[in-house]
Amino acid sequence: MAKKREPETARIDAVTHDGRGIAAVTGKKVFVAGALPGEVVRFNRRKRRRNYDEAELVEVLEPSPSRIEPRCAVYGVCGGCSLQHVSAHEQRAIKERSLRDNMQRIGRAEPDTWLPPLFDASDDGGWRYRRRARLAVKDVPAKGRVLVGFRERHAPYITNMHRCEILAAPVDALIDPLSEMISKLGIRSRLPQIEVAVADNCTELVFRVLDAPSDADRAVLIDFAEQHGLQIALQPGGPDSVVSLHQSPPESLTYDIPESRLQMEFAATDFVQINATVNRLMVGKAIELLQPRSSDDILDLYCGIGNFSLPLARHASQVLGIEGEQQQVSRAQQNARRNGIDNCRFSVGDLSAVNGGEAWMARTWDKMLLDPARSGAIELLQHVERIAPARIVYVSCHPGTLARDTEELVYRRGYRLEAAGIIDMFPHTAHVESIAVFSKV
């Protein structure tokens with residue numbers, strides 16, 4: 001039998017963007033999950049690699065002033081959060097360092113101004129913010145219950161959790177009730193996930209079902225919906241197969257952007273920004289940085305359901321939004337009609353395969369907003385001269401691809417990086433959302 005290795009002790013020198021402490025032990029870097037800079041910790045190596053090892057924290061011997069007690073009972077097991085042990089101020093500092101490092105190392109650019117972080121400054125702003133989520137479901141007889149929640153950090157299993165501190169109300173407190181309700185269903189082993197959508201006006205749960213529920217199952221689901229004030233839909237196939245469980249038409253899901261006098265409609269399976277409060281702050285900051293004038297023609301690429309397009313239309317001559325998915329474009333058009341906006345058009349376009357011959361590239365645009373997926377916008381930016389915007393605001397969900405695209409804009413396309421900063425859209429996680437503004441030199 002192999003001898004059990006004793007824990008090692010080291011002082012943590014730095015921290016990665018995802019909250020792992022970095023120590024140098026006998027000349028080799030060790031990444032210790034959950035350790036903070038300046039701390040002396042005991043750890044066990046979990047994985048050995050050629051240039052570094054990964055380790056689990058055993059004990060904190062000398063804690064950092066930034067260390068706090070996690071609120072969640074399953075923190076460290078659940079893969080949903082990785083920074084609950086870090087103060088909110090230090091969490092944002094970690095994310096800012098990640099953005100700065102990527103800009104310097106990959107983008108080779110420093111903005112004229114580093115923007116203050118955007119975040120929900122209310123007393124409980126870092127909690128119960130997640131209005132969209134996908135919960136995994138599995139009937140586990142060995143545990144005597146149906147598990148509902150997020151996957152574990154280091155395993156594909158579902159975390160045995162009873163509530164969630166980051167899910168928006170009322171779903172934060174519905175983990176156990178959902179578990180108990182699903183255990184009564186005949187299809188409990190054929191229901192792998194639940195889409196959560198918490199709107200300003202109501203909450204909808206979409207149950208992915210691999211088999212059709214019986215009449216008895218439907219009665220249980222409807223009773224649960226009525227008991228908790230929810231709307232419930234079933235999804236037997238792809239996104240187009242979603243159908244309401246209720247006999248009367250369900251209430252449309254909406255969220256407000258009051259600063260722009262807008263009410264946005266969305267479906268439970270649509271992409272919307274996760275954090276409602278921070279989304280409003282982000283939209284306001286994007287408008288401030290883009291500096292739209294009443295004479296401006298503005299291009300909004302990766303526009304989704306019009307989250308930026310429609311607020312910008314309040315300030316511009318005209319706005320064109322381009323999005324790759326027809327369903328999102330249809331929703332954006334519907335939102336324009338809903339809000340009485342007639343100077344904003346939307347069109348379907350594959351922005352990952354831009355060739356420069358697109359109709360909307362046959363003319364110049366005064367300003368442009370980008371909000372791409374994690375893969376960034378490099379294919380588009382290689383044709384940016386055809387669009388020739390004087391000003392670009394780039395909203396990013398990945399600092400590495402933002403930095404790569406910054407290098408393209410600054411060194412090949414003749415733009416100056418005026419400002420950049422983080423948006424704390426996902427508190428207690430390592431996810432870094434950011435915003436940058438570029439002007440034509």
- Residues of the range 51-70 being of a type outside the set (A, V, I, L, M, F, W, C) and either touching a strand residue (DSSP E or B) at 6+ places or on another chain (Cβ under 8 Å) or closer than 20 Å to ILE158 by Cβ (or both), in sequence order, are ASN51, TYR52, ASP53, GLU54, GLU56, GLU59, GLU62, SER66, ARG67, PRO70
- Message: All but one of (1) acidic (Asp, Glu); (2) closer than 24 Å to ASP139 by Cα; (3) modelled with pLDDT under 95 hold for ASP240; state the number of the condition that does not hold.
- Response: (2)
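Would you say TRP365 is farther than 23 Å from GLY284 by Cα, in contact with a strand residue (DSSP E or B) (Cβ under 8 Å, 6 or more places away or on another chain) and touching a residue at least 12 places away in the same chain (Cβ under 8 Å)?
Considered against the rule, which asks whether it is farther than 23 Å from GLY284 by Cα, in contact with a strand residue (DSSP E or B) (Cβ under 8 Å, 6 or more places away or on another chain) and touching a residue at least 12 places away in the same chain (Cβ under 8 Å), TRP365 comes out as no.
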- Note on the structure: When the range 289-311 is checked residue by residue, the ones that are within 22 Å of the chain's Cα centre (by Cα) and assigned to a helix (DSSP H, G or I) are LEU289, SER309, LEU310, PRO311
- Selection count, the range 373-391, where residues are free of Cβ contacts under 8 Å to residues at least 60 places away in the same chain and surrounded by 21 or more Cβ atoms within 10 Å (Cβ to Cβ): 3
- Every residue from the range 55-84 that is touching a residue at least 60 places away in the same chain (Cβ under 8 Å), more than 16 Å from MET425 (Cα to Cα) and either of a type in the set (A, V, I, L, M, F, W, C) or in contact with a Leu (Cβ under 9 Å, 6 or more places away or on another chain) (or both): CYS72, ALA73, VAL74, GLY76, VAL77, CYS78
- Among all residue pairs at least 6 apart or on different chains, which show Cβ distances below 7 Å where the first residue, located in the range 279-302, is on the phi < 0 side of the Ramachandran plot and the second is of a type in the set (Lys, Arg) and not in a loop (DSSP other than H, G, I, E, B)? LEU290/LYS367; LEU290/ARG391; PRO292/LYS367; ASP296/LYS367; ILE298/LYS367
- Can you tell me how many residues in the range 201-234 are touching a helix residue (DSSP H, G or I) at 6+ places or on another chain (Cβ under 7 Å) and more than 25 Å from VAL140 (Cα to Cα)? 2
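Look through PRO116, PRO156 and report the one residue that is modelled with pLDDT under 95 and either part of a loop (DSSP other than H, G, I, E, B) or under 20 Å from MET425 (Cβ atoms) (or both).
On the way: PRO116 fails: modelled with pLDDT under 95.
It is PRO156.
The values are calculated or read from the model by the stated rules, or taken from the named source; none is laboratory data. A quick note: this is a predicted structure, and the numbers were derived from the prediction, not measured. Because the Cβ atoms are built from the backbone with ideal geometry, glycine has one as well, and the counts that use them run over all protein chains shown.
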